[in-house]
Amino acid sequence: MKLLLHACCGPCSLEPTRILRAAGHDLTLYYANSNIAPAEEYAHRLGTLRTWAGGEGLPVVEGPYDPAAWETTAGRVGEAALAAADGDVLRVATHPALREARCRACYRLRFEEAARVASERRFDAVGTTLSVSPYQFTEVIREELERAAAAAGVRALFEDYRPFYDEATRRSRATGMYRQNFCGCRFSEAEAAAERAERKRARAAEREAEAAAHADERAAQEAARAAKRAERAAYAEKQARKRAALRALREQERGER
């Protein structure tokens, strides 16, 4: 099958392309990602994808990079979600319901573009690598891919590649491939940074709690040792008094003789 595969980046393309080629599909990668910001990040990911795909003999087609179109769709939804969370980026990051509408709008924009190109260039089907990530909304990806494909009159080839995420991670690290630490949009970058900061704060708090617990433990041990020393000192003082009393008694007895 002649398949136009929407690709979000190099690392996420590794396993889906391996699986699809093994199934006999004729692949062309389509880089349509107006969500990625800033432009330097967009170019870095595209360059990584092109370098890897060139070595694999996979053609890469770049779609239009139109951040303004993304802002008027997914960007507006993202701002609404952030406002609903009172501007709390971490709250949005940790509550999927606040992010889902934004991601759906983002998928829709990119898949509509990919499906349109697939139809114009007479591909048999359109697919995506996005479903390799466990951090994405897999069912929403399927829904939006199928909706966009139906509207463009092409077949949607959706597969859930999440079981292969660990292998994709291993392979991309082994080859030194650039691995981004956020999904792509400005919201996800801020959310990822907030999550990293929160994890750092939590680790610091855990270390402090552990240190405090150890300090209490050490203080208890020292108190026990001090009590033991005091007990031994009291016993030694008591024995000394006994010996002194005995000496005094003996001296008294000698004097009486």
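Scanning the range 163-183 for residues that are closer than 21 Å to T138 by Cα, touching a helix residue (DSSP H, G or I) at 6+ places or on another chain (Cβ under 7 Å) and charged (D, E, K, R) gives E167, R179. Of all residues in the range 129-161, those that are assigned to a helix (DSSP H, G or I) and over 14 Å from the mean Cα position of the chain (by Cα) total 17.
In summary, A97 fulfils each of the numbered conditions (1) over 23 Å from G24 (Cα atoms); (2) at pLDDT 95 or above with the single exception of condition (2). L3 passes every criterion in (1) in a loop (DSSP other than H, G, I, E, B); (2) touching a residue at least 24 places away in the same chain (Cβ under 8 Å); (3) over 24 Å from the mean Cα position of the chain (by Cα) apart from (1).
Output yes when any residue across the range 41-57 is in a strand (DSSP E or B) and out of contact with any helix residue (DSSP H, G or I) (no Cβ under 8 Å at 6 or more places or on another chain), and no when none is. Within the range 41-57, not a single residue is in a strand (DSSP E or B) and out of contact with any helix residue (DSSP H, G or I) (no Cβ under 8 Å at 6 or more places or on another chain). Considering (1) in a loop (DSSP other than H, G, I, E, B); (2) modelled with pLDDT under 75, the lone condition that F182 does not fulfil carries the number (2).
Name the single residue, out of those in the range 58-85 being assigned to a loop (DSSP other than H, G, I, E, B) and of a type outside the set (D, E), that is farthest from L5 (Cα to Cα). Ranking the qualifying residues of the range 58-85, first place goes to A85. When A97, A115, A148 are screened for being over 22 Å from P38 (Cα atoms), free of Cβ contacts under 8 Å to residues at least 12 places away in the same chain and of a type in the set (A, V, I, L, M, F, W, C), only A97 passes.
On the given criteria, is L58 in contact (Cβ under 8 Å) with a residue 40 or more places away in the chain and under 30 Å from R199 (Cα atoms)? So L58 fails the test.
Among the residues of the range 103-121, are any in a helix (DSSP H, G or I), over 11 Å from L4 (Cβ atoms) and of a type in the set (S, T, N, Q)? No, the range 103-121 has no match at all. The single condition among (1) in a helix (DSSP H, G or I); (2) under 28 Å from K2 (Cα atoms); (3) not polar (S, T, N, Q) that A197 does not satisfy is (2).
So for the range 82-99 (the condition being of a type outside the set (K, R), under 26 Å from L46 (Cα atoms) and surrounded by fewer than 16 Cβ atoms within 10 Å (Cβ to Cβ)), does at least one residue qualify? No, because not a single residue in the range 82-99 is of a type outside the set (K, R), under 26 Å from L46 (Cα atoms) and surrounded by fewer than 16 Cβ atoms within 10 Å (Cβ to Cβ). When the range 162-179 is filtered for residues that are among the hydroxyl-bearing types (S, T, Y) and either free of Cβ contacts under 8 Å to residues at least 12 places away in the same chain or part of a loop (DSSP other than H, G, I, E, B) (or both), the ones remaining, listed by number, are T175, Y178. Given (1) under 14 Å from the mean Cα position of the chain (by Cα); (2) part of a loop (DSSP other than H, G, I, E, B); (3) crowded, with 16+ Cβ neighbours inside 10 Å, identify the lone condition not met by A190. Here A190 meets the rest and fails (2). Using the structure shown, decide if E120 is surrounded by fewer than 17 Cβ atoms within 10 Å (Cβ to Cβ), within 21 Å of A150 (Cα to Cα) and either of a type outside the set (G, A, S) or without any contact (Cβ under 8 Å) to a residue 60 or more places away in the chain (or both). Yes, satisfied. For the range 61-80, taking the residues that are touching a residue at least 40 places away in the same chain (Cβ under 8 Å) and surrounded by fewer than 21 Cβ atoms within 10 Å (Cβ to Cβ), the one that is nearest to R50 (Cα to Cα) is identified as V61.
The values are calculated or read from the model by the stated rules, or taken from the named source; none is laboratory data. In this text, all values refer to a predicted model and were calculated from it rather than measured experimentally. When we count neighbours, we look across all protein chains shown, and the Cβ atoms used for this are built from the backbone with ideal geometry, even at glycine.
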